[in-house]
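The values are calculated or read from the model by the stated rules, or taken from the named source; none is laboratory data. Just so it is clear, the structure is predicted and the values come from calculations on it, not from any experiment. Quick reminder, even Gly has a Cβ in these numbers, built from the backbone with ideal geometry, and neighbours come from all protein chains shown.
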Amino acid sequence: AEAAVGALGDRPLVYVSMGTVATGMLFPTFAPSLEDFYRKMCAVAASMPEAAFIFPLGTSTPAKTAEDGRITEIFDAIPVPANAAAAVRVDQLEVLGRASVFVTHCGMNSCSEAISKAVPVVAVPFFGDQIYNAERFEELGCGVLQRYTRGHHARLRWAPDHSRVTEASLASAVRGVLGEPRYRGAVEAPRGRELRECGG
């Protein structure tokens, strides 16, 4: 994974992680939505050669590996673009240390680490506290929210509408957060500093 990440060069880095729960023990529940997300997100990456993308996939996401160990496809024939690297796992804090944007499910650990490294987010929550965390990031101007569901019913039952998150909406969100300094400024603001000082 480290070699693949290093080969991406010095371009602005977009880190894309959907956490360890949906991609691990709850994978059967979320697999269709994860496949939809990765298909659209890889298309976004391919449309943005000026940036580099890293995708940690977790332990359950199907992937095709080349002879040299690189992951070349995700799920069913979703190609990993030339400006992206995919791996089962990466050192998230290390990657966030150089990331410009964090596309995240907004689990509590990921939120704390985004704050600690002052990285603005594109939030794509699935369930539970992720939804509230994502809404809070957007309310504070620290990111942009993309959601597969309406309201908070996903806390109890996952019933996504995959048409709500599109390739175009994801691209707009990533480009917007990448291109607007105000998002990083919001994470670096006094409220963000207070959160970092108390460990998230």
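Do we have any residue at all in the range 17-31 that's part of a strand (DSSP E or B) and touching a residue at least 40 places away in the same chain (Cβ under 8 Å)?
Kept after step one, since they are part of a strand (DSSP E or B), are these residues of the range 17-31: 17.
Those still in the list that are touching a residue at least 40 places away in the same chain (Cβ under 8 Å) too: 17.
Yes, because at least one residue in the range 17-31 is part of a strand (DSSP E or B) and touching a residue at least 40 places away in the same chain (Cβ under 8 Å).
Hey, among Val122, Val144, Val90, which residue is of a type outside the set (S, T, N, Q), farther than 22 Å from Tyr183 by Cβ and either crowded, with 24+ Cβ neighbours inside 10 Å or under 14 Å from the mean Cα position of the chain (by Cα) (or both)? Before the answer, list the steps.
Details: Val122 fails: farther than 22 Å from Tyr183 by Cβ; Val144 fails: farther than 22 Å from Tyr183 by Cβ.
From the options Val122, Val144, Val90, the qualifying one is Val90.
Of the residues Phe53, Phe75, Phe102, which is at pLDDT 90 or above, out of contact with any His (no Cβ under 6 Å at 6 or more places or on another chain), more than 26 Å from Cys142 (Cα to Cα) and aromatic (Phe, Trp, Tyr)? Spell out how you get there, then give the answer.
Working: Phe53 fails: more than 26 Å from Cys142 (Cα to Cα); Phe102 fails: more than 26 Å from Cys142 (Cα to Cα).
On inspection, the qualifying residue turns out to be Phe75.
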